[in-house]
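Visitor: Sharing a structure below in structure tokens format, with a few things to ask.
Each value in this text was obtained by applying a stated rule to the coordinates, not by laboratory testing. Quick caveat, the model's predicted, so the values are computed rather than measured. For neighbour counting, all protein chains shown are included, and Cβ atoms are generated from backbone atoms with ideal geometry for every residue, glycine included.
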Amino acid sequence: MKRVFELINAVKQSYPNDCFFDGVHNSLKVSSQARAQYRAYESAFQYLDSESWKELKTKAIQHFQDHRQGQLKQGFFNQLNDAFAYQYLVRKGYQQVKILAETRRTTPDLSYQSNQEKHFCEVKTIGISKEEIDRRDAQNVYDGSIYYQLSPEFLNKFNSTLDTALHQIRSQNANGLIFLLIHFDDFTLSHYDSQYRKQLWDCTNAHEAVEVFVKIGIIGKRRIHKT
């Protein structure tokens, strides 16, 4: 995992007193889940051209100390998800795929060419809810029915995230792709095939965005694609 460790070393140089990655080698030895997730990142990183890789590292390091209560380094990992969008665009055969630098102006995360026209891609991540963070911290037993369907609050957040992403793409007077990565409260995905997928498809299909790609989690092949 050459680029993964290159990134980790760059983080340690920028934040020498931060111990977040101190145990990463041991985690990779003992946890198959950790290995699978870091390998997924490494696979995506390998698609990046040198300039995009440099830009992704810069953006991720800038957000390394962006925390959310109950989820350390959320901002850092959200930035890394640009690599999955890059990987997707290259696999689809688009040309001139680039990760863009952050500016003070509204700017999408990536650009690419389609039919000799410049398009843009905005990458968004929806993490687990605050309620789920509280439940995990409390370590109580809950009725599994709370995960049976996606809540109205989640679906509202999903729609507002699409709205924001579309606005960022349209700020360039261009078209493009919304790439959305989702972490559900129910990490087992027990109800994804029977409930979640249809709920998400209905929301995605009803939204005005022309092309949306939804990736479910870091690993696995669950996805929704509106085109």
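Visitor: Round to the nearest 0.05 the FRET efficiency obtained for ASP22 and LYS2 when R0 = 25 Å and r is the Cβ-Cβ distance. Mind showing how you got there, number by number?
Guide: Numbers: r = 20 Å, r/R0 = 0.80.
That gives a FRET efficiency of 0.80.
Visitor: With N residues in the range 72-227, what two-decimal value do you get for its Cα radius of gyration over 2.2 N^0.38 Å?
Guide: Working it through for the range 72-227, the quotient is 1.09.
Visitor: Right, next: Which of PHE20, GLN46, GLY176 sits closest to the plus end of the dipole of the chain, meaning its Cα is farthest towards the positive end, when Lys and Arg get +1 and Asp and Glu get -1 on the C-beta?
Guide: Positive-most Cα among the choices belongs to GLN46.
Visitor: For the range 1-47 and the range 86-147, what is the separation of their C-alpha centers, rounded to whole Å?
Guide: 20
Visitor: When the Karplus curve 6.51 cos²θ - 1.76 cosθ + 1.60 is applied with θ = phi - 60°, which whole-Hz ³J(HN,Hα) does each residue of the range 44-50 get, with x for Gly and Pro?
Guide: 5, 4, 5, 6, 6, 5, 4
Visitor: Below 8 Å between Cα atoms, with a sequence gap of 6+, how large is the relative contact order for the chain in percent?
Guide: Dividing the mean separation by the residue count of the chain yields 15 percent.
Visitor: If you don't mind, another one. In the chain, what percentage of the DSSP-assigned beta bridges are antiparallel, given to the nearest 5? Write out the running numbers ahead of the final one.
Guide: Details: 13 of 26 bridges.
The antiparallel fraction comes to roughly 50 percent.
Visitor: Could you compute the FRET efficiency for ASN173 and ARG68, with r as their C-beta to C-beta distance and R0 at 30 Å, rounded to 0.05?
Guide: Calculated value: 0.35.
Visitor: Report the full-extension gain for the segment SER43 to GLN13: residue separation times 0.36 nm, less the Cα-Cα distance, to one decimal in nm. Mind dumping the intermediate values first?
Guide: Numbers: separation 30, 0.36 × 30 = 10.80 nm, distance 2.36 nm.
Residue separation times 0.36 nm, minus the Cα-Cα distance, leaves 8.4 nm.
Visitor: A further question follows. If you count, for each residue, the other Cβ atoms within 10 Å and average over each peptide, how do 21-33, 209-221, 146-158, 121-133 line up from highest to lowest?
Guide: Listed from highest to lowest mean packing, they are 121-133, 209-221, 146-158, 21-33.
Visitor: Subtracting the Cα-Cα distance from 0.36 nm times the residue separation, let me have the gained length for ASP134 to VAL30 in nm, one decimal. Kindly include the intermediate steps, with their values, before the conclusion.
Guide: Details: separation 104, 0.36 × 104 = 37.44 nm, distance 2.69 nm.
Gain on extension, ASP134 to VAL30, equals 34.8 nm.
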